[in-house]
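Structure first, then comments.
The values are calculated or read from the model by the stated rules, or taken from the named source; none is laboratory data. Everything numeric in this text was worked out from a predicted model, so none of it was measured. Ideal geometry is used to build each Cβ from the backbone, glycine not excepted, and the neighbour counts take in all protein chains shown. The accessibility values were calculated without ligands, DNA or RNA, using every heavy atom of the protein model including side chains. Shrake-Rupley method; radii C 1.70, N 1.55, O 1.52, S 1.80 Å.
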Amino acid sequence: MIVFGLMSCTFLGYLAASGFYVAALYDRRRELWARGAVYFGWTAQTVYLFRPIVILGVISTMSLYDWMAWFVWVVTGTFLVIQHRRQYAQVGSFLIPIVFLLWVGSQGLNHPAGTQRPSILVGWLGLYIAVATASYVVFLLAAIFGIMYMEKERELKKKQIRLFYYQLPPLEDMDLIASRLIMVGVPLFAVALYFGAQTVKLVWGSYWAWTAKETWSFITWLVYLVYLGLRWILGWRGHRSAIYAMLAFIVVMFNFIGVNLLFPGPRGY
Amino acid sequence: MQIQVVGLNHQTAPIEIRERVSLGPDQIARAYTEGHPYLAIRGVVIVSTCNRTEVYWAGAATLAEILSWWEVLVGIPRGDFVDHLYWYANSEAYTHLFRVTSGLDSMVLGETQILGQIKASYQLANGYQAVGALHRLFQYALRVGKRAHGETGISHNALSVGHAVVELAKKVFGDLEPLTALVIGAGETGSLVARHLAASGVGNIVITSRTADHAHRLALDVKGVGVEFGRLTTAMREADIIVSSTSAPHPIITLEKARAAFKGQGQRLRFVFDLAVPRDVEPDVAKVGSGIFLYDVDDIEQIVVANYRQRQKEAIKVERIVQEERVALEEELGATEVGPVIRLLREKAELIRQQELSRAMQRLSTLTPEERSVVEETTRIMMNKFLNDPMTSMRRWGNDGGKAVYIDAIRELFRLREEKAPSITLPASGDIASREA
């Protein structure tokens, strides 16, 4: 009963926040309501996620769906921290609806419940999960700035200014923020790969086992490395950079959804 | 007490009338120091800008008296301007002033200058101790102005070509300080835009013109650099913002020239403004690179129109603030009018209650403390319930000049005259002249 209540609160909070954040594009005063709704949903989710750890001493991270819930929780938490900075104020209008869909997609689906002792999170695998999650958050934010850049640029190019012209930050700023995020994400993901390799060593005995997960993670990392290379060496900016950041995140999505569904590995996600 | 305003503005009067009846600093000073011997005024503020002249006053003075005062001050018979006047009283006057300070009544919707002008007028009047009963009205009005600009976008988004160029550049580049702007053509438009760019902090401004002399003179003016017209391509290559406004009959920036200038920089963000008619920039220049934005005069005009629509949308929010504050002001002014009467009535009722209660308690000496408190509580509740309706009504009357006489009736009815309360009827004296003396 409590679990259902918490789920409902999370659902309603994130749903309301999505609506209010989109409305905030039209009327900035809605942002206050949106923020309230996010805090509400996120708090409910926090209680939902930490309740089994506190009461039972287990953590529900066995399935991909559970991990998605944690991902949503980290993304939203990160957003709540950075939203106070002016450049990030409008991110919510794009990020929160996506977060809501991710959450509904992962939680609404019927999936087997599984639990684990939290001790598993202490080892290499735990480190891998934590750091990889952090870098995915960074990559998602970069993709969001890519979307925002494209939307505003489209209005400016077509000379039909509407919402985004008025509401979104300057093009150059969004371009810079996206590239800086990826600049942070690439070394972070390299660390995740290192922890991942340590995990693989424990399971297979060698650092590199050519598993689908490992290979795709490496490809993801390369894709972002190439992004930086294109900017630094070929001077890519703005439009192309924004498209690249968006497409690159599709690779990330495939890495943590596609690969896990198509090639089930020892971790389950 | 009545608060009224009479005046004219750019909507009601042509410039020929406005300039004749406007009150200059000397006339305003004279108005405040000499006052008017027959005027029963409890406060006056004169507002005079190039778009409006208005007199706000509180007290019994009639419109005719104010007009005769005005015509003496400016030396023009009122018949010449009376047709162009508007006249509002009380809540309509408050609404009017609030709309003025928030920029809704301005020629350029949402402009902020008027707020400063009203503030200055208020402070000037205050310097002569003339504001009197208008203090709260003007404090509210200044707050409405601040709220309108702070809480809504009424003053955002450019409504002129010069501002729109800067605004568009900011939408693309954000911070203009590290940028280089190239202005081609040092004519009227070129100079205007160059000054706007300099004022909004563009780091480097480069001016070029077929007449090198003009370019150098403008460059000096905006602390920029003049460049020979022959070095246009190089200058284009270095510029982030390019503004062209020459009177040349043929395009200055052709496709080939743009290709040469921007070679290898197709992705660099660059804003090209073509403000010339006929156009200076070939439309295909926009396709040279994905980072190039090319806007001509019509495009910018379109932005201005969209911006204006945006301000109109915000104006609805401002109207809401105006009404909100009007209600608050009316309540406050009403409360100061009826406050003393309400207090007297309540005091009288409380006195009677205390007297009767103590008398009753002496006769009911056998009651337990609980029973005593019940009796006491009952009397208090009876009194409060009985007084509730009259109090509410009286607070409402306070806002309504026409019902001021009811308040007097209440005094008569309940004989609330034993102490000298401040009169709520208009004083016979108290005009500016006597206050000054």
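Key figures
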| item | result |
| --- | --- |
| Search result, residues across segment B:162-179 that are more than 19 Å from A:LEU176 (Cα to Cα) and either more than 14 Å from chain A (Cβ to nearest Cβ) or open to solvent by 10 Å² or more (accessible area, probe 1.4 Å) (or both) | B:GLY162, B:HIS163, B:VAL166, B:GLU167 |
| Residues satisfying the stated conditions in segment A:139-161, i.e. open to solvent by 10 Å² or more (accessible area, probe 1.4 Å), charged (D, E, K, R) and at the interface with chain B (Cβ under 8 Å from one of its Cβ atoms) | A:LYS157, A:LYS159 |
| Meets criteria (of a type in the set (D, E, K, R), crowded, with 19+ Cβ neighbours inside 10 Å and either within 30 Å of B:ARG42 (Cα to Cα) or within 14 Å of chain A (Cβ to nearest Cβ) (or both)) for B:LYS146 | no |
| Within segment A:211-226, considering residues that are among the polar types (S, T, N, Q) and without any contact (Cβ under 8 Å) to a residue 40 or more places away in the chain, the one nearest to the other protein chains (Cβ to nearest Cβ) | A:THR220 |
| Qualifying position, being within 14 Å of another protein chain (Cβ to nearest Cβ), within 30 Å of A:ARG28 (Cα to Cα) and crowded, with 19+ Cβ neighbours inside 10 Å, among A:TYR165, A:TYR136 | A:TYR165 |
| Selected residue [out of contact with any helix residue (DSSP H, G or I) (no Cβ under 6 Å at 6 or more places or on another chain) and at pLDDT 90 or above] from A:LEU181, A:LEU141, A:LEU176, A:LEU163 | A:LEU176 |
| Test: residue in segment B:326-336 that is within 30 Å of B:GLY145 (Cβ to Cβ), assigned to a helix (DSSP H, G or I) and touching a Ser or Thr at 6+ places or on another chain (Cβ under 8 Å) | yes |
| Matching residues in segment B:255-276 - criterion: being surrounded by fewer than 15 Cβ atoms within 10 Å (Cβ to Cβ) and either in contact with a helix residue (DSSP H, G or I) (Cβ under 6 Å, 6 or more places away or on another chain) or closer than 16 Å to B:LEU182 by Cβ (or both) | B:ALA260 |
| Tally, over segment B:180-192, of residues that are hydroxyl-bearing (Ser, Thr, Tyr) and either open to solvent by 30 Å² or more (accessible area, probe 1.4 Å) or not assigned by TED's automatic domain parsing to the domain that holds B:GLY230 (or both) | 1 |
| Test for B:VAL285: is it buried (at least 21 other Cβ atoms within 10 Å of the Cβ) and over 27 Å from A:TYR149 (Cα atoms) | no |
| Segment B:302-319, residues that are open to solvent by 30 Å² or more (accessible area, probe 1.4 Å) and either away from chain A (no Cβ under 12 Å) or of a type outside the set (Lys, Arg) (or both) | B:GLN302, B:VAL305, B:TYR308, B:GLN310, B:GLN312, B:ILE316, B:GLU319 |
| Filter pass, A:ARG117 being modelled with pLDDT under 90, closer than 25 Å to A:PHE40 by Cα and not assigned by TED's automatic domain parsing to the domain that holds A:ALA190 | no |
| Filter result for A:GLY126 (under 29 Å from B:ASN157 (Cβ atoms) and either more than 13 Å from chain B (Cβ to nearest Cβ) or part of a helix (DSSP H, G or I) (or both)) | no |
| Test: residue in segment A:24-38 that is within 14 Å of another protein chain (Cβ to nearest Cβ) and either touching a strand residue (DSSP E or B) at 6+ places or on another chain (Cβ under 8 Å) or among the small types (Gly, Ala, Ser) (or both) | yes |
| Residue in segment B:396-407 that is open to solvent by less than 50 Å² (accessible area, probe 1.4 Å), within 18 Å of B:LEU351 (Cα to Cα) and either aliphatic (A, V, I, L, M) or assigned to a loop (DSSP other than H, G, I, E, B) (or both) present | no |
| Any pair with Cβ under 6 angstrom, 6 or more apart, that starts in segment B:259-275 at a residue that is more than 10 Å from chain A (Cβ to nearest Cβ) and ends at one that is polar (S, T, N, Q) | B:ALA260/B:THR233; B:ALA261/B:THR233; B:ASP274/B:SER244; B:LEU275/B:THR189; B:LEU275/B:SER245 |
| All strands (runs of 3 or more DSSP E) inside segment B:160-252 with 2 or more residues being under 40 Å from the mean Cα position of the chain (by Cα) and at negative phi | B:180-184, B:204-208, B:241-244 |
| Number of the exception - A:GLY229 against (1) away from every other protein chain (no Cβ under 11 Å); (2) open to solvent by less than 10 Å² (accessible area, probe 1.4 Å) | (2) |
| All positions within segment B:200-221 that are in contact with a helix residue (DSSP H, G or I) (Cβ under 8 Å, 6 or more places away or on another chain) and surrounded by fewer than 20 Cβ atoms within 10 Å (Cβ to Cβ) | B:SER200, B:ARG210, B:ALA212, B:ASP221 |
| Members of segment B:1-42 found to be at pLDDT 90 or above and under 21 Å from B:GLU92 (Cα atoms), listed by number | B:ILE3, B:GLN4, B:VAL5, B:VAL6, B:GLY7, B:LEU8, B:ASN9, B:HIS10, B:GLN11, B:THR12, B:ALA13 |
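Per-residue answers, yes or no, for (1) within 23 Å of A:TYR149 (Cβ to Cβ); (2) assigned to a helix (DSSP H, G or I); (3) within 18 Å of the chain's Cα centre (by Cα):
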{"site": "A:GLY196", "(1), (2), (3)": "no, yes, no"}
{"site": "A:TRP216", "(1), (2), (3)": "no, yes, yes"}
{"site": "A:LEU230", "(1), (2), (3)": "yes, yes, no"}
{"site": "A:ALA245", "(1), (2), (3)": "yes, yes, yes"}
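Yes/no per residue for (1) under 21 Å from A:LEU25 (Cα atoms); (2) modelled with pLDDT of 85 or more:
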position	(1), (2)
A:VAL38	yes, yes
A:ALA44	no, yes
A:ARG51	no, no
A:LEU56	no, no
A:ASP66	no, no
A:PHE71	no, yes
A:PHE79	yes, yes
